Structures are given as C-alpha cells and as structure tokens.
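In what follows, a single structure is set out as structure tokens and then discussed.
Readers should treat all values here as calculations from the given coordinates under stated rules, not as data from a laboratory. As the structure is a prediction and not an experimental result, all values here were calculated from the model. Don't worry about glycine lacking a Cβ; one is built from the backbone with ideal geometry, like all the others, and counts go over all protein chains shown.
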Amino acid sequence: MTTPLLQQPSTSGDGGQSTEDRRHMIRRRWLTAIIIVLLIGIPAGYLAISAEQSRDSGRDKEKEAMATGLTHGWPSKVQRRTFDVPIPEKAIGVWYFQTSNWKVSRLYVQFTTDQAGVDSFLNSVGTGTAALKDGRVTISPRDAKTVGWKFPESRDWAGTTFTQKQPQPTVDITVDRTLPHARRVYVVSTDTP
C-alpha cells in the first residue's frame, strides 16, 4: 500500500510565503483601500452635493423673495420693534418686505396716513417733522428697485435719515406730501448686526 505524498506548499524566495498567502494579503490590501475610499469618498461626495444644493436653494429663495416683493399687511410686532418702524395705528395701505443675509437685514415698509400720523410716526422713531428736508428722497435707487418703488420728480417729496448708535438700525424715511390728507410714507430700516 502506497501512502500518498503530502503536498508541501510551494515556496518562493519571499520569506517562505505561499502563493495563497500572497493572494490573501493582496486581497486584504485591496479591501482596506476600498474601505478607506468609501469611508472618505462617500461623506466628501455627500458634503459636496449638499453644499451645492444648499447654494442653489439659497439662490432660489432669494429669487423667489425678489419676485414676491412687497406683501400686503403689517409686519410682525417683532419686526417693527427690531427695525424701529412703529407704524401708526390708523395707517392704511400697509405693505412690507424683509431681506436678510449675513451682513445686513432690511425692512421695507410703506403706508398711508394723515399728517398727524406722520408726526406720530416720526416722533416714535426718535426724530420729528422738522427733520424732513423738502424735495429729498432718502431711499436709495438700489432699495427702491428691490421693491419696485418709483419716486417721480413731479411729486412733493420730503425725507430724512435717522441714524442711531449701533446696534440700532438706520431708518431712511421718505414722505409723499402731494395729497394733504393721504401722506404716503416709505421706510427702509437697515440693521447691520
């Protein structure tokens, strides 16, 4: 009876490692490399996609806000208090719009009131009727364009800018005095935190 020969693993000059051992080591290295790529690549890809979507979303929201423009109604009490825009109680035709980014926030407000309402509003802001300069429009062309306001020269304008100590907002006020019993007031309050 012959006994089968035991096969010895083939060895090479690599310190006695078998071909099978080398294959196993190569597979482990590949598996380790794939795991590292997945652990780093997937989160990095996710962050890149998320950042792009966030950027696109911000652009979309900004376009949407710009397209929407003024909203009919009163700004919230918090907005009025934050931006120092104390709209008189008897005001009508109130419209507002707010923009915000990391550098500056603005509240745009327009309303119609009588002269007593204008006086009350200016006093509540911290200034007065005497501060209004005849023929002056204090709303910048950029701000006017943001909400679609027009200030034709044919109207009787008066305006003032009420600058306060930081962190209080700067309030640009322009009043259309063309109609004696219906003063249209335009306000841009700028808050720079």
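Phi angles of the stretch 133-150 translate, via the Karplus equation with coefficients 6.51, -1.76, 1.60 and θ = phi - 60°, into HN-Hα couplings of 9, 4, x, 9, 10, 8, 7, 5, x, 5, 5, 4, 5, 4, 10, x, 7, 10 Hz per residue; Gly and Pro are given as x.
Rounded to the nearest 20 debye, the dipole magnitude of the stretch 70-191 is 280 debye, with +1 charges on Lys and Arg beta carbons, -1 on Asp and Glu beta carbons, and the Cα centre as origin. Using the Cβ-Cβ distance between D134 and K165 with R0 = 25 Å, the FRET efficiency computed as 1/(1 + (r/R0)^6) comes to roughly 0.35. Within the shell defined by Cβ-Cβ distances under 11 Å, the residues around D143 carry a net charge of +2, with Lys and Arg each +1 and Asp and Glu each -1.
Each label point was placed 7 Å from the Cα along the Cα-to-Cβ direction; for I34 and W102 their separation is 4.0 nm.
For the stretch 70-191, lysine pairs separated by 8 or more sequence positions, or belonging to different chains, with Cα-Cα distances below 22 Å total 6. Note on E153/S124: beta-carbon distance plugged into 1/(1 + (r/R0)^6) with R0 of 30 Å gives a FRET efficiency of 0.55.
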